[in-house]
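Each reported figure results from applying straightforward, stated rules to the coordinates on display, with no laboratory input. As the structure is a prediction and not an experimental result, all values here were calculated from the model. Positions of Cβ are generated from backbone atoms using ideal geometry, with glycine treated the same way; all protein chains shown enter the neighbour counts.
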């Protein structure tokens, strides 16, 4: 596979299910690479990685996928949601979540 331009900045590479740049290495689904990044080219791998490492909130969906929410200052105060497969590592979707409400303990 040849390297192509990627919205993560720098000189990123795409080898199978891994997407990375100089600061982030994450597993991704084909849907994330082929659809999400095409529709939302501003999404950056290091944002997803930061949210997975230090989420504001986390919830398991009925289908087993896991939702993570986090703060990304570069998005001007918007809270992105990162959805992973059931393994909690493979990123399947990411987008600013307009409806995020901090869960009540």
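Would you mind calculating the gained length between residue 25 and residue 56 on full extension (0.36 nm times residue separation, minus the Cα-Cα distance), in nm to one decimal? Don't jump to the answer; show the numbers that get you there.
Numbers: separation 31, 0.36 × 31 = 11.16 nm, distance 2.07 nm.
So the chain would gain 9.1 nm between residue 25 and residue 56.
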Relative to a virtual label point 7 Å from the Cα of residue 63 in the Cα→beta-carbon direction, which members of region 79-105 show backbone nitrogen distances below 17 Å? 81-95
